[in-house]
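Derivation of every value follows stated rules applied to the coordinates shown; laboratory data play no part. This is a predicted model, so every value here is computed, not measured. We place every Cβ from the backbone using ideal geometry, glycine too, and count neighbours over all the protein chains shown.
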């Protein structure tokens, strides 16, 4: 198998993978690593016109106070809520690491299936939390503190939102019977796409420019949701919003 050397390398750190600390450290490290390039752009954009050219809302400025507030909430949620839940999950479902790697095609199909399922779950969750005033006020309003998105606003949310969306991401590979390598790849991909969604930049190499026919919304799609509020509820793809009549694009 093509991926066997990769999986053998990963298995060399099996003692870390089996640790109850690993999921929190892994997700937080990957998240902050993906945020870092956009944080640099945010710091440079007030002084560099070329960077502002790609900002979706060029008049918005990401201040140090905003960054510190977002970072503090992310660290708090991971320490107080996510870590205890992952420890419980660790006891409930011990980590199983097969010796054989997953095939490339199986990994790709698994990634796509997990992503499409998560996109649907998030769409329904998101739509409900906007259409039911009590759900919005109680749980989702925190995430809408900022009408202009930036990378560190990705996980600027309350405990319920953080945990419920995290459960979707964690349970989907289990439901679909994915290999642990596919599961790890999905976590990384999902975090990247979520950060890119909130980055506030429409870059030439952005994911939505690589997917044809407008099937993937990307940062412009989600930034409009934060700006206009009553549209674009799906996190990644556009088909659910199209079918529900809630799709909004910049030309509108």
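If you fit an axis through the alpha-carbon atoms of helix 22-44 and take the longest principal axis of the Cα set of the chain, what angle between them do you get, 0 to 90°, nearest 10? Approximately 30 degrees, to the nearest 10. With respect to the chain, whose longest principal axis is taken over its alpha-carbon atoms, helix 64-77 is tilted by about 30°.
Judged by the gyration tensor of its Cα atoms, with axes a ≥ b ≥ c, region 165-252 is prolate; a/c meets the 1.5 cut and a/b is the larger of a/b and b/c. For region 74-142, the square roots a ≥ b ≥ c of the C-alpha gyration tensor eigenvalues yield an a/c of 1.5 or more together with a/b not exceeding b/c, which makes the shape oblate. Highest mobility in the GNM of the chain, judged by mean-square fluctuation with C-alpha springs under 10 Å and restricted to 137, 53, 93, is found for 93. Taking every C-alpha pair closer than 8 Å and separated by at least 6 residues, the mean separation divided by the residue count of the chain gives a relative contact order of 24 percent.
Rounded, prolate or oblate: which fits region 106-219, taking a ≥ b ≥ c as square roots of the Cα gyration tensor eigenvalues, rounded meaning a/c under 1.5, else prolate when a/b beats b/c?
Details: a/c = 1.90, a/b = 1.22, b/c = 1.56.
It is oblate, given that a/c is not under 1.5 and a/b is not larger than b/c.
The slack between residue 89 and residue 108, meaning 0.36 nm per residue of separation minus the straight C-alpha distance, is 4.3 nm. Here region 123-169 and region 3-42 have alpha carbon centers that stand 24 Å from each other.
The helix-only estimate of mean residue ellipticity at 222 nm for the chain, built from DSSP H runs of length n ≥ 4 each weighted as -39500 (n - 2.57), is -18500 deg cm²/dmol after division by the residue total.
Approximating the spin labels as points 7 Å out from Cα along Cα→Cβ, the residue 243-to-residue 135 distance works out to 1.7 nm. The angle separating the long axis of helix 104-131 from the principal Cα axis of greatest extent in the chain is about 50 degrees.
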